[in-house]
Amino acid sequence: MIDKDGSGLREVRETIRGGERVLIRRFQREDMALYPDFLDEVSAEDLRLRFFAHAAELGTAEQDKLAHLDYRHEMAFVALDADTGQLLGVVRLKDELDEQTAEFAILVRSRLKGHGLGWLLMKRVIEYAKEKGLRRVYGDVLAENMTMLQMCAELGFYTQDMGPDVTRVVLDLKDIAAH
């Protein structure tokens, strides 16, 4: 939830399949120090599925985007191992110019795919988008990324064909009940 002063968000603690105790909270600039270890644990294939290109490491420009969020129009949540503090996953939301629609992007450690971590991060960013009053969130997904497409379908997203290789997943927030 958004705090009364709007400056912070509540933390969520969960245990995922595999037994990892996870803390999900708002991204903090200091979290950038956790990225090298995090990215070492993300396969080249998972980076390709996320960034739509082969990437040996997260480029400086992408790191800069994360380190300098404009919280009026962007938000990011991290999932941390509650015991070790390791970065396990991150989800971002960036408003479009209409300020009613926002694009999400998500990445989790490869070994945690299928453990429910992506689901928790997506639920958190959807909750935030509803609290913010957004009408719609979307993401572009490579058509071959069946795991992501299935998760989005289970969360209520519908798909739009964006060409032979890309599917846009869209969630109309007005269509889902507030919790």
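What follows draws every value from the coordinates through simple rules; no lab data is involved. Only a predicted model underlies this, so the values are computations on that prediction, with no experimental measurement involved. Positions of Cβ are generated from backbone atoms using ideal geometry, with glycine treated the same way; all protein chains shown enter the neighbour counts.
When all alpha carbon pairs of the stretch 66-128 are counted in 5 Å bins from zero, the resulting P(r) reads 4, 17, 27, 23, 16, 8, 4, 1, 0 %.
Short to long, the 10 Å bins of the Cα pair-distance histogram for the stretch 37-173 hold 11, 43, 39, 7, 0 percent of all pairs. Here the chain is treated with +1 on each Lys and Arg Cβ and -1 on each Asp and Glu Cβ, and its dipole about the Cα centre works out to around 520 debye. The order of the peptides 128-138, 153-163 by mean Cβ neighbours within 10 Å, most packed first, is 128-138, 153-163. Across the chain, C-alpha contacts under 8 Å between residues 6 or more apart give a mean separation that, scaled by the residue count, equals a relative contact order of 18 percent.
Each label point was placed 7 Å from the Cα along the Cα-to-Cβ direction; for Leu155 and Arg168 their separation is 1.7 nm. Considering only Leu80, Ala129, Val166, the residue lying farthest towards the positive end of the dipole of the stretch 79-179 is Leu80, judged by Cα position with unit charges set on Cβ. Here, P(r) means the percent of Cα pairs in each 10 Å bin from 0 to the largest distance; for the stretch 108-179 it is 19, 50, 29, 3.
Remark: the Phe52-Arg111 segment gains 19.2 nm on full extension, using 0.36 nm per residue and subtracting the alpha carbon distance. Filter the cross-link list Lys130/Lys174; Lys113/Lys174; Lys94/Lys123 down to pairs whose alpha-carbon distance in this structure exceeds 20 Å. In this structure, Lys113/Lys174 exceed 20 Å between Cα atoms.
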